[in-house]
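Colleague: The structure that follows is given in the form of structure tokens.
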Amino acid sequence: MNHRSLICAHALLLCACGTPRLLYDYSQEPNPKGQEFVIGAADELHINVWRNPELTVGNAPVRPDGTITMPLIGDIKAAGKTPSQLRQDIQQRLAAFFKAETLQVTVAITVVNSYRFTVNGNVERGGVLSAKGFMTVLEAITMAGGPNRFAELGKVIILRNSPTGERRIPINFETLRSGQQMQQNIVVLSGDVIYVP
């Protein structure tokens, strides 16, 4: 096979591949949509203590220090816990005053204010954004007005904090927006920074 034939064969191979191969394992990223929501500062809670209306707290805001205040038991840490975990903590504290078998506590998140992330770089309306429910990468960038005409769509990065340090998650927004390689369309976590160069 001569040099020209090799070039043609290589070009045909590239065309057959279509989209670039992904080198990042997106399946390792958490998907909180199937898990219980973790309470954060500024969220609002409704806490009901069955048959004890004087202990029931409606629309209790989680303060910046992560605590709420309840009658009888005072301040209790809420941020960083799921509603189930907070319910258990409240029941344990109330067990000092009531029989454990008579205690029925429910905790509901009535307003979500703690889910925030940043989209910056070459987007139309960058900044810190918040939503009432979890968003994917596509939804988050769309919420920021989408990429502008200067954006390098193949080089989008998500900066994510983890126990092992900051991770850089590469996103090819060009293929994602065209409906290809949808495994890149991961759920954005609170505190994520999406950078569109």
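The values are calculated or read from the model by the stated rules, or taken from the named source; none is laboratory data. The structure displayed is predicted, hence computed values, not measured ones. So basically every Cβ, Gly included, is an ideal-geometry build from the backbone, and we count neighbours across all protein chains shown. Just the protein is used for accessible areas: all its heavy atoms, side chains included, with ligands, DNA and RNA removed. Shrake-Rupley method; radii C 1.70, N 1.55, O 1.52, S 1.80 Å.
Colleague: How long are the semi-axes of the equivalent ellipsoid of the stretch 150-191, taking √(5λ) for every eigenvalue λ of the Cα gyration tensor, in whole Å from largest down?
Modeller: 21, 12, 8
Colleague: Just to be sure I understand the model, the point goes 7 Å from the Cα along the line to the Cβ. What's the resulting W50 to N148 distance in nm?
Modeller: That separation, rounded to one decimal, is 5.7 nm.
Colleague: Here's another thing I want to ask about it. In deg cm²/dmol, rounded to 500, what helix-only [θ] at 222 nm does the chain give when every DSSP H run of at least 4 residues adds -39500 (n - 2.57) and the total is split over its residues?
Modeller: The helix contribution divided over the chain gives -6000 deg cm²/dmol.
Colleague: Using only the Cα atoms of the chain, each taken as one equal point scatterer with no solvent, compute I(q) by the Debye sum, divide by I(0), and report log10 of the ratio at q = 0.08, 0.11, 0.13, 0.18 Å⁻¹.
Modeller: -0.42, -0.66, -0.80, -1.13
Colleague: Mind checking which lysines have their Cα closer than 30 Å to the Cα of K155? Skip sequence neighbours fewer than 8 apart in that chain.
Modeller: K33, K132
Colleague: Rounded to two decimals, what is Rg over Rh for the stretch 72-136 when you use alpha-carbon atoms and the Kirkwood radius?
Modeller: On the Cα set of the stretch 72-136, Rg over Rh gives 1.22.
Colleague: What base-10 log of the normalised intensity I(q)/I(0) is obtained for the stretch 96-197 from the Debye formula, alpha carbons as equal point scatterers, at q = 0.14, 0.18 Å⁻¹?
Modeller: -0.56, -0.82
Colleague: The stretch 14-88: percent of C-alpha pairs farther apart than 20 Å?
Modeller: Percent of Cα pairs beyond 20 Å in the stretch 14-88: 48.
Colleague: Right, something else. Heavy-atom accessible area per residue, the chain, 1.4 Å probe: how many Å²?
Modeller: Roughly 58 Å² per residue, with all protein chains present.
Colleague: Would you work out which of I157, S178, S114 lies farthest towards the positive end of the dipole of the chain, given +1 charges on the beta-carbon of Lys and Arg and -1 on that of Asp and Glu, about the Cα centre?
Modeller: S178
Colleague: Taking the Cβ-Cβ separation of L22 and N113 as r and a Förster radius of 35 Å, what is the calculated FRET efficiency to the nearest 0.05?
Modeller: 0.50
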